[in-house]
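Note sheet for the following structure.
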């Protein structure tokens, strides 16, 4: 049995931040970057939107304080997420070709999320599915349109 969805989302976000921003073995990471996690209890980095503040799961800041990348953990995929994903894409930095937005969705919902992102012309660097397997978080890439380096299971 899993904990309540809001608590599980916070845990998943913290694990993703600690293991993917940067990857444990990544040697190209600027150690002056700052990785922040917004949870129910701590919200260090809001993104201003037309309807108020949005708190992305993971925000990576460059040394100058500008947003480099965003990771957003979802507990289910639904059309109402499109506006939030568009805002986060607009507010994050550029990768090699696309905005550095990474979306994490429950296993089995990756294709649904990909359709929503692409049909709504939202730029993103990676789409991942997450699952809990034997008590551990596993993320699997669905698609990585920007940098092949980011296309890995963890």
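Nothing in this text is a laboratory measurement; each read-out follows from the coordinates by a stated rule. In this text the structure is predicted, and so the values were computed from the model without any measurement. Glycine gets a Cβ as well: all are built from the backbone with ideal geometry, and neighbour counts include every protein chain shown.
In 5 Å bins starting at zero, report the fraction of Cα pairs in the chain per bin as a rounded %.
2, 9, 19, 25, 23, 14, 6, 1, 0
Starting from the Cα gyration tensor of the stretch 70-154, take the square roots of the eigenvalues, sort them a ≥ b ≥ c, and report rounded, prolate or oblate (rounded when a/c is under 1.5, otherwise prolate if a/b is larger than b/c, else oblate).
It is oblate, given that a/c is not under 1.5 and a/b is not larger than b/c.
Is the shape of the stretch 1-92 rounded, prolate or oblate, going by the alpha carbon gyration tensor and its root eigenvalues a ≥ b ≥ c, with a/c under 1.5 for rounded and a/b larger than b/c for prolate?
Oblate.
For the chain, what does the helix formula give at 222 nm: sum of -39500 (n - 2.57) over DSSP H segments with n ≥ 4, over the residue count, nearest 500 deg cm²/dmol?
So the helix-based figure for the chain works out to -7500 deg cm²/dmol.
Pull out the extension gain between residue 120 and residue 7, defined as 0.36 nm times the separation in residues minus the alpha carbon to alpha carbon distance; nm, one decimal.
Fully extending the segment from residue 120 to residue 7 adds 37.7 nm.
Relative contact order for the stretch 14-68: what percent, with Cα pairs under 8 Å and sequence separation of 6 or more?
Result for the stretch 14-68 is 32 percent.
If you split all Cα-Cα distances of the stretch 54-118 into 10 Å bins from zero, what percentages do you get per bin, shortest first?
21, 54, 22, 3
How far apart, in nm, are two points set 7 Å out from the Cα along the Cα-to-Cβ line at residue 62 and at residue 84?
2.7 nm
What nm distance separates the two modelled labels at residue 76 and residue 133, each placed 7 Å from Cα along Cα→Cβ?
Using points 7 Å along Cα→Cβ, the separation is 2.5 nm.
Could you order the peptides 87-93, 131-137, 69-75, 16-22 from most to least packed, using the average number of other C-beta atoms within 10 Å per residue?
The densest-packed peptide leads the list: 69-75, 87-93, 16-22, 131-137.
Kindly rank 117-127, 45-55 from highest to lowest mean number of other beta carbons found within 10 Å of each residue.
117-127, 45-55
Given contacts defined as C-alpha pairs under 8 Å and at least six residues apart, what's the relative contact order of the chain, whole-number percent?
16 percent
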